[in-house]
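Asks: One structure, as structure tokens, below. Some questions next.
The values are calculated or read from the model by the stated rules, or taken from the named source; none is laboratory data. Please read all numbers here as calculations on a predicted model, not as lab measurements. Cβ sites come from the backbone with ideal geometry, for glycine too, and all protein chains shown count toward neighbours.
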Ligand code: F6P
């Protein structure tokens with residue numbers, strides 16, 4: 001299917017719903033959550049949605065029924081329903097790269113059908129999944145041996161960006177379900193320390209490298225992959241060892257072959273899978289090795305359940321649409337510059353880092369699909385840490401600072417590691433934080449508690465800090481799939497409102513080009529001509545002078 005033909009749409013700021021929201025914002029911006037809750041005893045239950053095993057409480061947001069109706073109207077005016085249909089049907093909605101955007105096909109059931117450019121992609125997806133499963137079974141059972149006959153005990157994923165963050169996050173998130181007798185590590189940074197520390201205590205005879213790169217041309221990954229080959233061959237000696245110790249995940253078979261990895265050992269995917277949307281493709285090979293094919297399929301089923309919910313539910317009850325619209329509300333009307341996500345679940349410690357690429361590489365754009373300035377602010381800065389650690393670090397600023405930071409809190413009712421009272425304490429803290437952020441503590445309340453007049457302003461909490469709370473029963477592969485798809489589609493919703501291409505990433509190119517130009521200037525024997533600005537020239541000179549010394 002070809003690119004969606006588009007006439008230049010009405011600029012966002014001129015849309016009737018946008019204007020109505022601007023007017024509405026003036027009316028409600030001083031409304032306090034205290035008053036909204038006091039006026040409506042059922043608000044907490046009413047402004048919540050339960051679907052596909054996730055419960056979203058969005059009542060602690062600075063919204064009224066009118067706000068939500070206007071946001072839904074905005075979604076309709078921006079054609080969210082049509083854009084969802086376009087994505088799910090394989091239209092080339094990534095217009096700057098002329099690509100379909102079909103991560104949803106990666107988790108469709110085997111009997112589904114989705115024809116793109118004349119071919120049904122579902123059987124191809126299923127075939128790769130089957131190959132991955134067969135390979136994982138071999139490695140996990142010990143049938144796949146290293147070159148010297150030893151069982152594989154260590155798996156190192158070499159990749160960066162989407163070829164790293166998804167696999168690391170998923171491995172950490174699902175560690176509870178993983179093979180505890182195997183070691184999984186992830187090397188991404190071109191800083192040699194990353195590789196050195198990941199391999200220093202491992203035996204090459206028992207180590208399998210997954211070189212994971214959509215393009216197979218990424219500087220960091222290729223540099224690390226070459227170092228990995230040297231490291232392995234130093235012990236294994238024989239170049240034939242590569243085929244037992246290296247597999248590739250890529251869309252670029254030619255480059256994989258050039259590197260020397262047997263095409264039999266390559267797991268493919270397709271240009272319609274964006275790097276940051278790829279953790280459920282073959283990029284998830286390390287995840288599957290860790291948790292096994294059955295758990296991996298359960299994760300895919302979670303993704304798919306959220307896809308179906310997003311595709312078929314009215315926006316008023318649609319989890320990703322609601323979260324996306326609320327994100328736009330704070331970003332563009334309240335002027336929030338950042339958004340935070342706090343998983344009260346240690347296993348989700350890398351979830352904020354994963355979300356940073358998903359959200360910011362997708363929606364950090366300044367022009368519309370037609371190339372005109374967007375005219376409003378786009379992607380907020382995402383950040384976060386697992387609870388309760390953040391409470392003893394930066395929550396102070398969220399509670400009493402001068403900036404508005406909308407936060408998502410994520411919690412699970414059951415712990416995977418029940419231990420005394422720990423889990424009740426953890427969840428009590430989650431609930432307490434959202435309560436404190438919403439309702440605060442007035443000066444009168446502080447004074448009534450006997451605080452000296454001098455300290456009353458310091459101890460007052462304004463409140464009215466918006467939060468979403470997401471609750472699920474337990475962290476499972478299925479729940480992880482639900483959560484990731486939820487954020488993927490929330491990002492999509494925001495991108496549709498801003499009318500930007502959420503699936504390209506041109507902004508990463510310039511730095512790569514300049515770095516390639518600078519490399520020879522750092523390493524050449526003769527002093528390079530000072531071709532840069534005075535700051536860059538001076539930095540290069542200093543580095544050349546000092547680089548020789550080593551510890
Ligand atoms: O530099 C950004 C980027 O292109 C990401 O979008 C991508 O996930 C990452 O680099 C890695 O790319 P590849 O998988 O092709 O090595």
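Asks: Among residues belonging to the stretch 275-321 that are part of a loop (DSSP other than H, G, I, E, B) and crowded, with 24+ Cβ neighbours inside 10 Å, point out the one that is farthest from the ligand (Cβ to nearest atom).
Replies: Initially, the stretch 275-321 is screened for residues part of a loop (DSSP other than H, G, I, E, B), giving 278-281, 292, 313-314, 318.
Now narrow it down to the ones that are crowded, with 24+ Cβ neighbours inside 10 Å: 278-281, 318.
Numbers: 278: 7, 279: 10, 280: 14, 281: 11, 318: 27 Å.
Applying the filter and picking the extreme gives 318.
Asks: Oh, and also: For the stretch 187-197, does any single residue satisfy the condition of being away from the ligand (no atom under 16 Å from the Cβ), more than 26 Å from the chain's Cα centre (by Cα) and more than 17 Å from residue 290 (Cα to Cα)?
Replies: Within the stretch 187-197, one or more residues are away from the ligand (no atom under 16 Å from the Cβ), more than 26 Å from the chain's Cα centre (by Cα) and more than 17 Å from residue 290 (Cα to Cα).
Asks: Quick one: is residue 262 modelled with pLDDT under 95, farther than 26 Å from residue 304 by Cα and in contact with a helix residue (DSSP H, G or I) (Cβ under 6 Å, 6 or more places away or on another chain)?
Replies: In short, yes.
Asks: I would also like to ask the following. Do we have residue 397 as over 22 Å from the mean Cα position of the chain (by Cα) and either within 16 Å of the ligand (Cβ to nearest atom) or in contact (Cβ under 8 Å) with a residue 12 or more places away in the chain (or both) here?
Replies: Working: over 22 Å from the mean Cα position of the chain (by Cα): yes; either within 16 Å of the ligand (Cβ to nearest atom) or in contact (Cβ under 8 Å) with a residue 12 or more places away in the chain (or both): no.
No.
Asks: Then there's this: Can you work out which of the residues in the stretch 119-171 that are more than 21 Å from residue 216 (Cα to Cα) and within 16 Å of the ligand (Cβ to nearest atom) is farthest from the chain's Cα centre (by Cα)?
Replies: Result: 170.
Asks: Tell me which of these residue 403 doesn't satisfy, since it passes every other one: (1) farther than 30 Å from residue 53 by Cα; (2) exposed (fewer than 15 other Cβ atoms within 10 Å of the Cβ); (3) out of contact with any helix residue (DSSP H, G or I) (no Cβ under 8 Å at 6 or more places or on another chain).
Replies: Among (1) farther than 30 Å from residue 53 by Cα; (2) exposed (fewer than 15 other Cβ atoms within 10 Å of the Cβ); (3) out of contact with any helix residue (DSSP H, G or I) (no Cβ under 8 Å at 6 or more places or on another chain), the lone unmet condition for residue 403 is (3).
Asks: Then there is this: Tell me, yes or no, whether the stretch 46-58 has at least one residue that is surrounded by fewer than 18 Cβ atoms within 10 Å (Cβ to Cβ), on the phi < 0 side of the Ramachandran plot and assigned to a helix (DSSP H, G or I).
Replies: Yes, because at least one residue in the stretch 46-58 is surrounded by fewer than 18 Cβ atoms within 10 Å (Cβ to Cβ), on the phi < 0 side of the Ramachandran plot and assigned to a helix (DSSP H, G or I).
Asks: For the stretch 172-186, which residues satisfy the criterion of being touching a strand residue (DSSP E or B) at 6+ places or on another chain (Cβ under 7 Å) and either within 16 Å of the ligand (Cβ to nearest atom) or over 29 Å from residue 277 (Cβ atoms) (or both)?
Replies: Selection gives 186 alone.
Asks: Given (1) part of a loop (DSSP other than H, G, I, E, B); (2) within 16 Å of the ligand (Cβ to nearest atom); (3) without any contact (Cβ under 8 Å) to a residue 40 or more places away in the chain, identify the lone condition not met by residue 201.
Replies: (2)
Asks: Just the residues that are on the phi < 0 side of the Ramachandran plot and touching a residue at least 12 places away in the same chain (Cβ under 8 Å), please, taken from the stretch 287-296. Lay out the reasoning, then the answer.
Replies: Of all residues in the stretch 287-296, those on the phi < 0 side of the Ramachandran plot come to 287-291, 293-296.
Residues satisfying the conditions are 287, 288, 289, 290, 291, 293, 295, 296.
Asks: Still on this structure, I have one more. Does the stretch 234-245 contain any residue that is out of contact with any helix residue (DSSP H, G or I) (no Cβ under 9 Å at 6 or more places or on another chain), touching a residue at least 60 places away in the same chain (Cβ under 8 Å) and either over 30 Å from residue 99 (Cα atoms) or outside any helix (DSSP H, G or I) (or both)?
Replies: yes
Asks: Of (1) away from the ligand (no atom under 16 Å from the Cβ); (2) closer than 26 Å to residue 145 by Cβ; (3) out of contact with any strand residue (DSSP E or B) (no Cβ under 6 Å at 6 or more places or on another chain), residue 208 satisfies all except one. Which?
Replies: Residue 208 satisfies every listed condition except (3).
Asks: So, one more: Just to be sure, is residue 255 surrounded by fewer than 20 Cβ atoms within 10 Å (Cβ to Cβ) and within 16 Å of the ligand (Cβ to nearest atom)? Let's see the steps before the verdict.
Replies: Details: surrounded by fewer than 20 Cβ atoms within 10 Å (Cβ to Cβ): yes; within 16 Å of the ligand (Cβ to nearest atom): yes.
Against the criterion (surrounded by fewer than 20 Cβ atoms within 10 Å (Cβ to Cβ) and within 16 Å of the ligand (Cβ to nearest atom)), residue 255 qualifies.
Asks: Report, ordered by the first and then the second residue, all pairs with beta carbons closer than 6 Å, sequence separation of six or more or different chains, a first member in the stretch 207-222 that is in a helix (DSSP H, G or I), and a second member that is at pLDDT 95 or above and near the ligand (Cβ under 9 Å from one of its atoms).
Replies: Once the first residue is in a helix (DSSP H, G or I) and sits in the stretch 207-222, its partners that are at pLDDT 95 or above and near the ligand (Cβ under 9 Å from one of its atoms) give 220/160; 221/159; 221/160; 221/213.
Asks: When residues of the stretch 227-248 are filtered for being within 16 Å of the ligand (Cβ to nearest atom) and surrounded by fewer than 14 Cβ atoms within 10 Å (Cβ to Cβ), how many remain?
Replies: The qualifying residues number 0.
Asks: So in the stretch 416-428, with the set limited to residues that are surrounded by fewer than 17 Cβ atoms within 10 Å (Cβ to Cβ) and in contact (Cβ under 8 Å) with a residue 40 or more places away in the chain, which one is nearest to residue 487 (Cα to Cα)? Please lay out each step first, then the result.
Replies: Keep residues of the stretch 416-428 that are surrounded by fewer than 17 Cβ atoms within 10 Å (Cβ to Cβ), which gives 416-422, 424-425, 428.
Of the ones still in play, those that are also in contact (Cβ under 8 Å) with a residue 40 or more places away in the chain are 416-417.
Details: 416: 23, 417: 26 Å.
Checking each candidate, the answer is 416.
Asks: Test residue 532 against the stated conditions and say whether it is in contact (Cβ under 8 Å) with a residue 60 or more places away in the chain, more than 16 Å from the ligand (Cβ to nearest atom) and out of contact with any strand residue (DSSP E or B) (no Cβ under 9 Å at 6 or more places or on another chain). Can you show your working first?
Replies: Details: in contact (Cβ under 8 Å) with a residue 60 or more places away in the chain: no; more than 16 Å from the ligand (Cβ to nearest atom): yes; out of contact with any strand residue (DSSP E or B) (no Cβ under 9 Å at 6 or more places or on another chain): yes.
Judged against the criteria, residue 532 is not a match.
Residues checked against (1) in contact with a strand residue (DSSP E or B) (Cβ under 8 Å, 6 or more places away or on another chain); (2) at pLDDT 95 or above; (3) at positive phi; (4) more than 16 Å from the ligand (Cβ to nearest atom):
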| site | (1), (2), (3), (4) |
| --- | --- |
| 479 | yes, yes, no, yes |
| 489 | no, yes, no, yes |
| 493 | no, yes, no, yes |
| 497 | no, yes, no, yes |
| 500 | yes, yes, no, no |
| 515 | no, no, no, no |
| 537 | no, yes, no, yes |
| 540 | no, yes, no, yes |
| 550 | no, no, no, yes |
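Asks: Which numbered condition in (1) away from the ligand (no atom under 16 Å from the Cβ); (2) farther than 25 Å from residue 61 by Cα is the only one that residue 460 fails?
Replies: So residue 460 meets the others, but not (2).
Asks: Could you grab me the full set of residues in the stretch 351-381 that are within 16 Å of the ligand (Cβ to nearest atom) and either in contact with a helix residue (DSSP H, G or I) (Cβ under 7 Å, 6 or more places away or on another chain) or part of a loop (DSSP other than H, G, I, E, B) (or both)?
Replies: Of all residues in the stretch 351-381, those within 16 Å of the ligand (Cβ to nearest atom) come to 353-365, 379.
Once the filter is applied, which keeps residues that are within 16 Å of the ligand (Cβ to nearest atom) and either in contact with a helix residue (DSSP H, G or I) (Cβ under 7 Å, 6 or more places away or on another chain) or part of a loop (DSSP other than H, G, I, E, B) (or both), the stretch 351-381 yields 353, 354, 355, 357, 358, 359, 361, 362, 363, 364, 365, 379.
Asks: Out of 232, 248, 239, report the one residue that is within 19 Å of residue 194 (Cα to Cα) and either modelled with pLDDT under 95 or in contact with a strand residue (DSSP E or B) (Cβ under 9 Å, 6 or more places away or on another chain) (or both). Please lay out each step first, then the result.
Replies: Values: 248 fails: within 19 Å of residue 194 (Cα to Cα); 239 fails: within 19 Å of residue 194 (Cα to Cα).
232 is the lone residue from the list that is within 19 Å of residue 194 (Cα to Cα) and either modelled with pLDDT under 95 or in contact with a strand residue (DSSP E or B) (Cβ under 9 Å, 6 or more places away or on another chain) (or both).
Asks: Does the stretch 444-461 contain at least one residue that is surrounded by 10 or more Cβ atoms within 10 Å (Cβ to Cβ), within 30 Å of residue 327 (Cβ to Cβ), within 37 Å of the chain's Cα centre (by Cα) and in contact (Cβ under 8 Å) with a residue 12 or more places away in the chain?
Replies: Yes, because at least one residue in the stretch 444-461 is surrounded by 10 or more Cβ atoms within 10 Å (Cβ to Cβ), within 30 Å of residue 327 (Cβ to Cβ), within 37 Å of the chain's Cα centre (by Cα) and in contact (Cβ under 8 Å) with a residue 12 or more places away in the chain.
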